[in-house]
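Student: My questions will all concern the structure given below.
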Amino acid sequence: MPLTILVVDDDLGTRLSISDYLELSGYIVITADDGQEALEIVEEYHPDLIVTDIVMPRMNGYELVRQVRQKPAFRLLPVILLTARIKTQERILGYQSGCDLYLPKPFELEELAAAIRNLLERSQIMKSEYGFSPQENPANSAPKVADSHNHVNHFEKGEVLLSLSSREQEVLYLLTHGLSNAQMGNQLHLSPRTVEKYVSSLLKKTDTNNRAELVRFAITHGLVK
């Protein structure tokens, strides 16, 4: 089952670029635009890792990490802080709040992905050594898209939509209107190959076998208007 990453940033462009890249890397991505919303998502969906900006409305990244760390279920939850602040004292504040890695902006998405893989591998090892099973470990309670015993048709509309990124929802909408990969790429400013990757991800997340099934699933479950 793909691991779930929560991306928190009040800048829409940053959220989309990170979430798109991580989804194409095989992760399930949930997004939030401030710390308060992120904290609510953490408590409800138990992501496997958090990537968060620092300067945000309502609750900043430092406070988000501090509040997450106060909850016993999330003391081992990996957290990466992203920020344009590069002064030593600010990095110290980040580590004091409980983050695992402080990555200054601008950064390369490949570097972020490598850091995520490293932290997730370490986290999975720690969970294994502590003897957690998937049923016992709350960090594995992320929203499930499908499994071999429970078809995604049984999921509520909101849960299915939550597992889809904004870009995937855009592709799904255009797909239900009969557009080809090239036509979707022109509208979304993506290459046909990238569009195909999103379509493949949609098939996987909805447990459908082809585009016809995917369109039927989306219409039947009200995922598109």
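The values are calculated or read from the model by the stated rules, or taken from the named source; none is laboratory data. No experiment lies behind these values; they were computed from the predicted model shown. Heads up, the Cβs are rebuilt from the backbone with ideal geometry, glycines too, and the neighbour counts pull from every protein chain shown.
A quick yes/no check of all residues on (1) of a type in the set (S, T, N, Q); (2) out of contact with any helix residue (DSSP H, G or I) (no Cβ under 7 Å at 6 or more places or on another chain); (3) under 17 Å from Ser19 (Cβ atoms):
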position	(1), (2), (3)
Val65	no, no, no
Val68	no, no, no
Lys71	no, yes, no
Phe74	no, no, no
Gln89	yes, yes, no
Leu93	no, no, no
Gly98	no, no, no
Leu103	no, no, yes
Phe107	no, yes, yes
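Student: Can we say Pro134 is surrounded by 13 or more Cβ atoms within 10 Å (Cβ to Cβ), in a loop (DSSP other than H, G, I, E, B) and at pLDDT below 80? I'd like the intermediate steps shown before the answer.
Tutor: Working: surrounded by 13 or more Cβ atoms within 10 Å (Cβ to Cβ): no; in a loop (DSSP other than H, G, I, E, B): yes; at pLDDT below 80: yes.
The answer is no for Pro134.
Student: Report yes if some residue within segment 81-98 is buried (at least 19 other Cβ atoms within 10 Å of the Cβ), closer than 20 Å to Gly35 by Cβ and among the aromatic types (Phe, Trp, Tyr); otherwise report no.
Tutor: no
Student: Another question, if that's okay. Go through segment 11-54 residue by residue and tally those that are touching a helix residue (DSSP H, G or I) at 6+ places or on another chain (Cβ under 8 Å) and under 19 Å from Arg75 (Cβ atoms).
Tutor: Number satisfying all stated conditions: 12.
Student: A further question follows. State which residue pairs qualify: first residue closer than 16 Å to Ser165 by Cβ and inside segment 31-43, second residue among the basic types (Lys, Arg) and part of a helix (DSSP H, G or I) in any location, beta carbons under 9 Å apart, and separation of 6 or more residues or different chains.
Tutor: What qualifies is Thr31/Arg15; Ala32/Arg15; Asp33/Arg15.
Student: Inspect segment 55-77 for any residue being among the β-branched types (Val, Ile, Thr), under 30 Å from Ser191 (Cβ atoms) and buried (at least 19 other Cβ atoms within 10 Å of the Cβ) and give the result as yes or no.
Tutor: At the first step, the residues of segment 55-77 found to be among the β-branched types (Val, Ile, Thr) are 55, 65, 68.
Now narrow it down to the ones that are under 30 Å from Ser191 (Cβ atoms): none.
Checked segment 55-77: no residue is among the β-branched types (Val, Ile, Thr), under 30 Å from Ser191 (Cβ atoms) and buried (at least 19 other Cβ atoms within 10 Å of the Cβ).
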